[in-house]
Amino acid sequence: MSSLTHSQPGVQAPAPQPETPSNEGVDSREQLVNGGEIGPIGRVSIPEIMITRLKGIMLDFDLDLYKKEKLPAGATESSVKLYETFVGPMLQRHPLYAKAEVRDTGRGLHAILWFDQPVEFKTPAEREKWGAVVKAVQKTLPTDPACAGITATTRPVGSTNSKTQRQVRIIKPGSMVTADEVLNFVTELRHKPFKIVAGFLLDPVAPYCPVCATPDARLGVMDKFGHCYGGKHKPKVGDLFDAVFAAPNKKGG
Ligand SMILES: [Zn+2]
(Lines give C-alpha, C1' and ligand atoms only; values in the text may rest on other atoms or scores of the structure.)
Protein backbone atom coordinates (compact mmCIF):
# COMPACT_ATOMS: atom_id res chain seq x y z
CA MET A 1 0.00 0.00 0.00
CA SER A 2 1.43 3.36 -0.93
CA SER A 3 1.83 5.95 1.74
CA LEU A 4 0.35 9.34 1.17
CA THR A 5 2.37 12.48 1.53
CA HIS A 6 0.54 15.13 3.42
CA SER A 7 1.27 18.35 1.65
CA GLN A 8 -0.47 21.34 3.11
CA PRO A 9 -2.26 23.29 0.45
CA GLY A 10 -1.23 26.93 0.30
CA VAL A 11 1.94 26.44 2.30
CA GLN A 12 5.04 27.29 0.31
CA ALA A 13 7.91 24.85 0.42
CA PRO A 14 10.98 26.46 1.92
CA ALA A 15 13.82 27.18 -0.49
CA PRO A 16 16.60 24.63 -0.44
CA GLN A 17 19.40 25.74 1.83
CA PRO A 18 22.60 27.03 0.26
CA GLU A 19 25.18 24.31 -0.46
CA THR A 20 26.82 24.45 2.95
CA PRO A 21 24.23 24.65 5.69
CA SER A 22 26.76 24.93 8.46
CA ASN A 23 30.14 26.55 8.64
CA GLU A 24 32.22 26.84 11.75
CA GLY A 25 34.40 29.62 10.42
CA VAL A 26 34.84 32.95 12.12
CA ASP A 27 33.90 35.87 9.92
CA SER A 28 33.76 33.73 6.82
CA ARG A 29 31.71 34.93 3.90
CA GLU A 30 29.47 33.34 1.28
CA GLN A 31 29.35 34.36 -2.36
CA LEU A 32 26.02 35.16 -3.97
CA VAL A 33 27.67 34.76 -7.37
CA ASN A 34 29.56 32.16 -9.41
CA GLY A 35 29.94 28.94 -7.36
CA GLY A 36 28.60 30.33 -4.09
CA GLU A 37 31.95 29.71 -2.43
CA ILE A 38 32.31 29.98 1.35
CA GLY A 39 35.58 31.04 2.96
CA PRO A 40 37.73 33.94 4.09
CA ILE A 41 36.55 37.26 2.73
CA GLY A 42 39.78 37.78 0.80
CA ARG A 43 39.13 34.67 -1.25
CA VAL A 44 35.36 34.84 -1.56
CA SER A 45 34.98 38.52 -2.38
CA ILE A 46 35.76 38.94 -6.06
CA PRO A 47 35.74 41.91 -8.43
CA GLU A 48 32.72 42.53 -10.59
CA ILE A 49 34.57 41.69 -13.80
CA MET A 50 35.04 38.08 -12.61
CA ILE A 51 31.35 37.50 -12.00
CA THR A 52 29.71 35.17 -14.51
CA ARG A 53 26.52 34.20 -12.70
CA LEU A 54 24.25 35.58 -10.03
CA LYS A 55 22.67 33.30 -7.44
CA GLY A 56 20.97 35.83 -5.23
CA ILE A 57 20.40 39.45 -4.27
CA MET A 58 21.27 40.61 -0.77
CA LEU A 59 19.59 43.34 1.25
CA ASP A 60 21.65 44.62 4.17
CA PHE A 61 19.83 46.03 7.22
CA ASP A 62 21.93 47.42 10.08
CA LEU A 63 20.70 48.49 13.49
CA ASP A 64 22.47 51.84 13.35
CA LEU A 65 21.06 52.97 10.00
CA TYR A 66 17.82 54.39 11.30
CA LYS A 67 16.28 57.18 13.33
CA LYS A 68 15.11 55.23 16.37
CA GLU A 69 12.08 57.42 16.93
CA LYS A 70 10.78 56.72 13.43
CA LEU A 71 10.76 52.95 13.86
CA PRO A 72 8.48 50.85 16.08
CA ALA A 73 9.50 50.90 19.74
CA GLY A 74 12.53 48.71 20.46
CA ALA A 75 13.19 47.98 16.78
CA THR A 76 16.88 48.90 16.93
CA GLU A 77 17.62 46.95 20.14
CA SER A 78 18.52 43.69 18.39
CA SER A 79 18.55 42.12 14.98
CA VAL A 80 15.60 39.90 15.94
CA LYS A 81 13.56 42.91 17.08
CA LEU A 82 14.50 44.80 13.93
CA TYR A 83 13.17 41.85 11.95
CA GLU A 84 10.01 41.32 13.96
CA THR A 85 8.91 44.93 14.19
CA PHE A 86 10.25 46.62 11.05
CA VAL A 87 12.03 44.60 8.36
CA GLY A 88 9.77 41.54 8.45
CA PRO A 89 6.46 43.40 8.08
CA MET A 90 8.04 45.58 5.37
CA LEU A 91 9.20 42.58 3.34
CA GLN A 92 5.72 41.06 3.63
CA ARG A 93 4.20 44.06 1.87
CA HIS A 94 5.36 42.87 -1.55
CA PRO A 95 5.12 39.31 -2.95
CA LEU A 96 8.69 39.44 -4.34
CA TYR A 97 10.34 40.60 -1.12
CA ALA A 98 8.17 38.29 0.96
CA LYS A 99 10.17 35.41 -0.57
CA ALA A 100 13.46 36.58 0.93
CA GLU A 101 15.39 34.36 3.29
CA VAL A 102 16.39 36.42 6.33
CA ARG A 103 19.59 35.77 8.26
CA ASP A 104 20.55 37.16 11.63
CA THR A 105 24.21 37.96 10.94
CA GLY A 106 25.06 38.28 14.62
CA ARG A 107 24.83 42.06 14.34
CA GLY A 108 22.22 42.93 11.73
CA LEU A 109 20.10 41.29 9.06
CA HIS A 110 20.79 39.99 5.59
CA ALA A 111 17.69 39.34 3.51
CA ILE A 112 18.47 37.29 0.42
CA LEU A 113 16.38 36.75 -2.69
CA TRP A 114 17.61 33.40 -4.05
CA PHE A 115 17.08 32.70 -7.74
CA ASP A 116 15.50 29.37 -8.65
CA GLN A 117 18.37 29.07 -11.12
CA PRO A 118 21.41 31.32 -11.29
CA VAL A 119 21.29 34.14 -13.83
CA GLU A 120 24.11 33.48 -16.30
CA PHE A 121 25.94 36.43 -17.85
CA LYS A 122 27.02 35.73 -21.41
CA THR A 123 28.30 39.25 -22.07
CA PRO A 124 29.69 42.14 -20.00
CA ALA A 125 26.55 44.08 -20.97
CA GLU A 126 24.36 41.48 -19.26
CA ARG A 127 26.47 41.70 -16.12
CA GLU A 128 26.16 45.49 -16.16
CA LYS A 129 22.41 45.28 -16.62
CA TRP A 130 22.07 42.93 -13.65
CA GLY A 131 24.40 45.10 -11.61
CA ALA A 132 21.86 47.90 -12.03
CA VAL A 133 18.94 45.56 -11.31
CA VAL A 134 20.56 44.45 -8.03
CA LYS A 135 21.07 48.07 -6.96
CA ALA A 136 17.46 48.91 -7.78
CA VAL A 137 16.13 45.96 -5.77
CA GLN A 138 18.36 46.89 -2.81
CA LYS A 139 17.58 50.59 -2.84
CA THR A 140 13.82 50.20 -3.01
CA LEU A 141 14.02 49.46 0.71
CA PRO A 142 15.96 51.37 3.39
CA THR A 143 19.00 49.08 3.16
CA ASP A 144 22.56 50.09 3.96
CA PRO A 145 23.44 52.62 1.24
CA ALA A 146 27.10 51.57 1.55
CA CYS A 147 26.36 47.91 0.79
CA ALA A 148 27.95 46.52 -2.36
CA GLY A 149 25.62 45.57 -5.20
CA ILE A 150 26.33 42.53 -7.33
CA THR A 151 29.66 41.94 -5.53
CA ALA A 152 28.09 41.76 -2.05
CA THR A 153 28.76 38.68 0.08
CA THR A 154 26.71 37.36 2.97
CA ARG A 155 27.73 35.52 6.12
CA PRO A 156 27.26 31.74 5.96
CA VAL A 157 24.78 30.08 8.29
CA GLY A 158 26.58 28.59 11.29
CA SER A 159 29.62 30.86 11.06
CA THR A 160 30.54 33.17 13.92
CA ASN A 161 30.51 36.94 13.82
CA SER A 162 33.64 37.96 15.74
CA LYS A 163 32.19 41.39 16.52
CA THR A 164 29.53 39.82 18.73
CA GLN A 165 30.67 36.18 19.05
CA ARG A 166 27.20 35.19 17.87
CA GLN A 167 26.36 32.60 15.26
CA VAL A 168 24.75 33.45 11.97
CA ARG A 169 21.35 31.80 11.65
CA ILE A 170 18.26 31.87 9.48
CA ILE A 171 15.37 33.58 11.20
CA LYS A 172 13.01 33.31 8.25
CA PRO A 173 13.35 30.71 5.49
CA GLY A 174 12.83 31.99 1.98
CA SER A 175 11.43 30.62 -1.23
CA MET A 176 12.95 30.92 -4.67
CA VAL A 177 12.39 33.82 -7.06
CA THR A 178 12.71 33.83 -10.84
CA ALA A 179 14.76 36.24 -12.94
CA ASP A 180 11.57 37.36 -14.68
CA GLU A 181 9.90 38.16 -11.38
CA VAL A 182 12.80 40.45 -10.49
CA LEU A 183 12.94 42.09 -13.93
CA ASN A 184 9.19 42.71 -13.91
CA PHE A 185 9.48 44.32 -10.51
CA VAL A 186 12.24 46.67 -11.71
CA THR A 187 10.13 47.66 -14.72
CA GLU A 188 7.22 48.44 -12.42
CA LEU A 189 9.59 50.39 -10.16
CA ARG A 190 10.71 52.54 -13.07
CA HIS A 191 7.13 53.55 -13.76
CA LYS A 192 6.00 54.11 -10.19
CA PRO A 193 8.97 54.60 -7.87
CA PHE A 194 7.15 56.71 -5.30
CA LYS A 195 4.11 54.48 -5.11
CA ILE A 196 6.23 51.37 -4.57
CA VAL A 197 8.62 52.83 -1.99
CA ALA A 198 5.71 54.47 -0.14
CA GLY A 199 4.02 51.07 -0.12
CA PHE A 200 6.93 49.73 1.93
CA LEU A 201 7.56 52.69 4.21
CA LEU A 202 4.26 54.37 4.93
CA ASP A 203 1.19 53.24 6.77
CA PRO A 204 -0.75 51.56 3.94
CA VAL A 205 -4.12 52.45 5.46
CA ALA A 206 -3.54 56.11 6.31
CA PRO A 207 -0.32 57.42 4.75
CA TYR A 208 0.81 60.78 6.02
CA CYS A 209 3.55 63.08 4.81
CA PRO A 210 7.01 61.97 5.99
CA VAL A 211 8.33 65.53 5.70
CA CYS A 212 5.61 67.26 7.75
CA ALA A 213 5.30 64.15 9.96
CA THR A 214 2.03 65.25 11.53
CA PRO A 215 -1.12 63.10 11.44
CA ASP A 216 -3.10 65.89 9.74
CA ALA A 217 -0.65 66.01 6.82
CA ARG A 218 -2.39 63.37 4.80
CA LEU A 219 -0.50 62.17 1.77
CA GLY A 220 -1.85 61.37 -1.63
CA VAL A 221 0.40 58.68 -3.11
CA MET A 222 1.03 59.15 -6.84
CA ASP A 223 3.26 57.02 -9.05
CA LYS A 224 6.28 59.35 -9.03
CA PHE A 225 5.67 61.69 -6.10
CA GLY A 226 3.36 62.38 -3.23
CA HIS A 227 0.88 65.13 -2.65
CA CYS A 228 0.89 66.51 0.88
CA TYR A 229 -2.48 67.99 1.83
CA GLY A 230 -1.03 69.58 4.97
CA GLY A 231 2.06 71.38 3.71
CA LYS A 232 0.89 71.65 0.09
CA HIS A 233 4.09 70.24 -1.36
CA LYS A 234 5.15 67.18 -3.28
CA PRO A 235 7.47 64.77 -1.44
CA LYS A 236 9.81 62.66 -3.57
CA VAL A 237 11.26 59.18 -3.08
CA GLY A 238 14.31 60.66 -1.32
CA ASP A 239 12.03 62.26 1.28
CA LEU A 240 10.64 58.82 2.16
CA PHE A 241 14.14 57.51 2.88
CA ASP A 242 15.29 60.67 4.68
CA ALA A 243 12.42 60.14 7.09
CA VAL A 244 13.81 56.82 8.36
CA PHE A 245 17.58 56.99 7.77
CA ALA A 246 19.74 58.53 10.45
CA ALA A 247 22.14 61.19 9.19
CA PRO A 248 25.07 59.47 7.50
CA ASN A 249 28.09 59.21 9.75
CA LYS A 250 31.37 60.83 8.83
CA LYS A 251 33.24 57.67 8.01
CA GLY A 252 30.67 57.04 5.30
CA GLY A 253 29.39 53.68 6.49
ZN1 LIG B 1 4.12 67.51 3.93
Residue under evaluation Pro204, criteria (1) surrounded by 14 or more Cβ atoms within 10 Å (Cβ to Cβ); (2) assigned by TED's automatic domain parsing to the domain that holds Val244, criterion not met: (1)
Residue satisfying all of: in the range 118-129; closer than 23 Å to Ala100 by Cβ and in contact with a strand residue (DSSP E or B) (Cβ under 9 Å, 6 or more places away or on another chain); surrounded by the fewest Cβ atoms within 10 Å (Cβ to Cβ) among these: Glu120
Members of the range 107-140 that are β-branched (Val, Ile, Thr) and part of a helix (DSSP H, G or I): Val133, Val134, Val137
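Among residues belonging to the range 221-232 that are modelled with pLDDT of 95 or more and within 15 Å of the ligand (Cβ to nearest atom), point out the one that is surrounded by the most Cβ atoms within 10 Å (Cβ to Cβ). Spell out how you get there, then give the answer.
Step one: of the range 221-232, the residues modelled with pLDDT of 95 or more are 221-228.
Cutting the leftovers down to within 15 Å of the ligand (Cβ to nearest atom) gives us 221-222, 225-228.
Numbers: Val221: 18, Met222: 13, Phe225: 18, Gly226: 25, His227: 14, Cys228: 20.
Looking at the filtered set, the residue picked out is Gly226.
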Test: residue in the range 150-164 that is surrounded by fewer than 17 Cβ atoms within 10 Å (Cβ to Cβ), more than 15 Å from the chain's Cα centre (by Cα), more than 23 Å from Arg53 (Cβ to Cβ) and charged (D, E, K, R): yes
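For every residue, the table says whether it meets (1) among the basic types (Lys, Arg); (2) in a helix (DSSP H, G or I).
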position	(1), (2)
Phe185	no, yes
Arg190	yes, yes
Phe200	no, yes
Leu219	no, no
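Restricting attention to the range 192-220, and to residues there that are free of Cβ contacts under 8 Å to residues at least 24 places away in the same chain and touching a helix residue (DSSP H, G or I) at 6+ places or on another chain (Cβ under 9 Å), which single residue is farthest from the ligand (Cβ to nearest atom)?
Residues of the range 192-220 free of Cβ contacts under 8 Å to residues at least 24 places away in the same chain: 203, 205-208, 212, 214-220.
Next, only the ones that are touching a helix residue (DSSP H, G or I) at 6+ places or on another chain (Cβ under 9 Å) stay: 207, 219.
Details: Pro207: 11, Leu219: 7 Å.
Result: Pro207.
Quick check on my filter: what residues within the range 233-247 are within 8 Å of the ligand (Cβ to nearest atom) and either in contact (Cβ under 8 Å) with a residue 40 or more places away in the chain or surrounded by 18 or more Cβ atoms within 10 Å (Cβ to Cβ) (or both)?
Residues of the range 233-247 within 8 Å of the ligand (Cβ to nearest atom): 233, 235.
Passing the criteria: only Pro235.
Taking the criterion of being more than 24 Å from Met58 (Cβ to Cβ), at pLDDT 95 or above and more than 16 Å from the ligand (Cβ to nearest atom), would at least one residue in the range 166-188 satisfy it? Break it down stepwise before answering.
Just the residues of the range 166-188 that are more than 24 Å from Met58 (Cβ to Cβ), to begin with: none.
Looking for residues that are more than 24 Å from Met58 (Cβ to Cβ), at pLDDT 95 or above and more than 16 Å from the ligand (Cβ to nearest atom), one finds none in the range 166-188, hence no.
The values are calculated or read from the model by the stated rules, or taken from the named source; none is laboratory data. Note that the structure is a prediction, hence the values are computed from the model and not measured. We place every Cβ from the backbone using ideal geometry, glycine too, and count neighbours over all the protein chains shown.
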